[in-house]
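So the structure is just underneath, and the comments pick up after that.
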């Protein structure tokens with residue numbers, strides 16, 4: 001009887017861990033920040049994974065946008081080139097394997113921005129046009145794409161059919177430039193707005209500030225009740241606990257801003273931007289170092305919530 005009671009207790013403990021491990025997840029315990037691959041480009045902005053584990057990176061060279069592809073072994077090639085893109089910014093894969101691209105356009109003062117989609121078979125199509133400098137984007141649980149327009153201070157919802165409608169706005173005050181967008185496991189949209197992170201309820205309201213004191217949140221990864229954050233203005237990576245406390249994952253005081261090493265004291269980044277979680281590792285665009293940085297999260301992949309299988313497409 002005692003043995004059966006002990007086994008039952010162990011099963012319940014494991015079930016509790018699997019159900020909600022990230023709510024109490026600590027920051028990574030001295031993992032290594034490493035470089036996954038370098039990209040020869042004037043700027044790189046965002047990244048996304050396809051179902052085969054290939055990594056796609058958006059950027060531009062001169063006045064032409066680019067999408068680069070990095071294989072799991074680190075081989076880099078150009079996936080989509082200058083003849084198709086003006087200024088590739090946010091990217092995201094949908095459930096069908098199509099790659100959405102927020103193309104900021106050739107003139108920020110005019111509405112030359114577009115949303116493009118590359119089908120799994122390689123066909124490129126314009127989904128929506130007439131946007132004003134669209135930058136970051138996130139695929140919602142509803143299958144729609146949500147796009148940030150920093151110049152208008154608004155977030156637009158773009159359906160697969162190309163219909164564009166306002167979703168949330170008012171992010172245009174001093175220091176209020178829209179940065180990263182990401183959906184959480186709770187189905188809410190989270191946004192970097194200047195130095196804060198806000199939660200946007202279903203339908204675009206209410207907008208609730210949950211973290212302040214940051215600087216240019218250009219990368220945002222909600223994971224349960226915690227966040228990994230790329231602060232572009234602070235040149236570092238941050239971890240936000242479930243209680244809202246903020247800790248550093250990198251050391252901006254290092255003389256070299258591109259150091260691979262132990263987190264937090266022995267690693268540094270320069271101008272971090274887009275973030276993605278893939279197979280238990282956090283991948284970060286490092287604009288200043290022209291490479292992708294990566295580190296393991298503290299939580300084993302086997303302990304990720306059972307809902308992760310349905311949600312992981314929104315993080316690709």
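Read-outs: derived from the displayed coordinates by stated rules, not from any lab. Quick caveat: nothing in here was measured; it's all calculated off a predicted structure. Reconstructed Cβ throughout: ideal geometry from the backbone, glycine too, with neighbour counts over all protein chains shown.
A few remarks follow.
- Here segment 203-240 is scanned for amide nitrogen atoms under 18 Å from the site 7 Å beyond the Cα of residue 254 along Cα-to-Cβ, giving 229-239.
- At R0 = 41 Å, FRET efficiency that the Cβ-Cβ distance of residue 106 and residue 245 yields, to 0.05: 0.45
- Full extension of the segment from residue 123 to residue 188, taken as 0.36 nm per residue of separation minus the current Cα-Cα distance, would add 20.3 nm.
- Neighbour counts of C-beta atoms inside 10 Å place 176, 216, 149 in the sequence 176, 216, 149, starting with the fewest.
- Ordering of 182-193, 161-172 by packing [mean C-beta count within 10 Å, highest first]: 182-193, 161-172
- Sorting 137, 258 by the number of Cβ atoms found within 10 Å of their own Cβ, with the fewest placed first, yields 258, 137.
- Whole-number percent relative contact order across segment 30-315, with pairs defined as alpha carbons under 8 Å at least 6 apart: 15 percent
- Exposure proxy shown here: for 146, 106, the number of other Cβ atoms within 10 Å sets the order, fewest to most, as 106, 146.
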